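Here's the structure we're looking at; comments come further down.
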Amino acid sequence: MPSSDSVEGTPATGTSDEELLRRVRAGNRHAFRQLVERYEDRVAATIIGMLGPGADADDAGQETFVRLFERVDQFRGESTLGTYLTRIAINQALQVLRKRKRWTRRFFSREAHADELPHPTGDARDDLEREERKQLTYRALQALSEDHRSVVVLRLLQGYSTKETAEILDIPEGTVMSRLYRASNQLKEQLAPLLAPDTP
Amino acid sequence: MTHLPSDKAGTDPSRRHEQLLRFLEGSLAPQEEARLSAQLARDAQLQQELRTLSTLRETIEPATGATFDSGFPQRVMKRLPSAASASETLGSFHEALPWAFLRVAVVALLLTAGLGAYNAGTHLQMDGEASLVEAVLGLPDVSMETALAYDIFEAADD
């Protein structure tokens, strides 16, 4: 979960993001590898949340860091490096989603995908392993629109605040709230058997 | 920290949803939290909404641990040379340019010298009117007097 800007990018031990970026700009690729290792999990959470696990997600994740490498001179520190990377990751994921939609609309449409979601029966909550629950969550996320999915991934999965989510997606905070509310309602429907039995 | 007026949060479902979420995250201002706690104590439907939201967060929580397959940093670093090799290639080209220019300049000079020698040899054989320098430079074997004698405005015979 992202922390406040004042402590992000400065691990308890090791070199700060600013110092690593300075070294990368000077041509030090080992420093860049340290950045990749530091932010791999955050980028993974964003990309896999948007695309689901698979080769597409891995490719988009790699491309996220390549873009950072190519633009390292342009990053001026207006936001934290983590937020900057998340923004690139979201854009990479959206590009993949649009490409998927153009070429495989029939098989990856939200409506078709939603139909494929299993409907666990009564004892599902006790029976499902954590991994199965994760897979169900991914599939429920895939049933959301790109706009709804991105706010769920950032706000609910990664714990960015509404303000941070709005900055990353470049939309008003009110839009974040309304998209999140609608997305949550849709997720509640998709995951209803996993939620409390007395869910309205 | 953005404050959500309780009246706006009460009428707008998305703002109420945001308020409940921030209550669960512990990020509400103390006054807001106290106000919401009081509301929850008397509103069963609001309590239900809070429970549902809490359960939803717990349900999707496993998806937060997503990771790439092992070896991801290596794959990224391998991909970088395609971004870095362009500048390396450009650097190599700049380094090679002076040497390439030197070779071309030497060949050009040799060719020029060879042509000059050929012109000089031909001039001496033919005993032309032009000077040796003009012959080496490849200038035509015509003197100024000869050139001025040509009537360039002479009409062509039909």
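Give me the pairs, please: first residue somewhere in the stretch B:45-74 and more than 7 Å from chain A (Cβ to nearest Cβ), second residue anywhere and open to solvent by 10 Å² or more (accessible area, probe 1.4 Å) and of a type in the set (Phe, Trp, Tyr), beta-carbon distance under 8 Å, and either six or more positions apart or on two chains.
B:50/B:23
Residue-by-condition table, conditions (1) away from chain B (no Cβ under 11 Å); (2) open to solvent by less than 40 Å² (accessible area, probe 1.4 Å):
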position	(1), (2)
A:130	no, no
A:133	no, no
A:142	yes, yes
A:149	yes, yes
A:156	no, yes
A:163	no, no
A:167	yes, no
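Would you point out the residue of the stretch B:6-24, among those that are surrounded by fewer than 17 Cβ atoms within 10 Å (Cβ to Cβ) and modelled with pLDDT of 90 or more, that is farthest from the other protein chains (Cβ to nearest Cβ)?
My answer is B:24.
So if I check each of B:117, B:155, B:130, which one is at pLDDT below 80 and either out of contact with any Pro (no Cβ under 9 Å at 6 or more places or on another chain) or surrounded by fewer than 13 Cβ atoms within 10 Å (Cβ to Cβ) (or both)? Walk me through it before giving the result.
Details: B:117 fails: at pLDDT below 80; B:130 fails: either out of contact with any Pro (no Cβ under 9 Å at 6 or more places or on another chain) or surrounded by fewer than 13 Cβ atoms within 10 Å (Cβ to Cβ) (or both).
None of the other options fit; the residue is B:155.
If I go through the stretch A:169-195 residue by residue, how many of them are closer than 19 Å to residue B:52 by Cα, open to solvent by 10 Å² or more (accessible area, probe 1.4 Å) and in contact (Cβ under 8 Å) with a residue 60 or more places away in the chain?
Result for the stretch A:169-195: 2.
If only one of A:76, A:67 is part of a helix (DSSP H, G or I), open to solvent by 20 Å² or more (accessible area, probe 1.4 Å) and under 18 Å from residue A:20 (Cβ atoms), which one is it?
Working: A:76 fails: part of a helix (DSSP H, G or I).
Going through A:76, A:67 in turn, just one is part of a helix (DSSP H, G or I), open to solvent by 20 Å² or more (accessible area, probe 1.4 Å) and under 18 Å from residue A:20 (Cβ atoms): A:67.
Of (1) closer than 16 Å to residue A:80 by Cβ; (2) within 14 Å of another protein chain (Cβ to nearest Cβ); (3) modelled with pLDDT under 90, residue A:39 satisfies all except one. Which?
Single failed check for residue A:39: (3).
I'd like the residue in the stretch B:25-34 that is surrounded by fewer than 16 Cβ atoms within 10 Å (Cβ to Cβ) and in contact (Cβ under 8 Å) with a residue 24 or more places away in the chain and, out of all such residues, is nearest to residue A:158 (Cα to Cα).
In the first step, residues of the stretch B:25-34 are kept if they are surrounded by fewer than 16 Cβ atoms within 10 Å (Cβ to Cβ); the result is B:25-27, B:29-31, B:33-34.
Among the residues that remain, those that are also in contact (Cβ under 8 Å) with a residue 24 or more places away in the chain are: B:27, B:29.
On the way: B:27: 15, B:29: 21 Å.
Per the stated criteria, the residue is B:27.
The values are calculated or read from the model by the stated rules, or taken from the named source; none is laboratory data. None of these values were measured; they are calculated from a predicted model. Don't worry about glycine lacking a Cβ; one is built from the backbone with ideal geometry, like all the others, and counts go over all protein chains shown. With ligands, DNA and RNA removed, areas are computed over all heavy atoms of the protein, side chains included. Shrake-Rupley method; radii C 1.70, N 1.55, O 1.52, S 1.80 Å.
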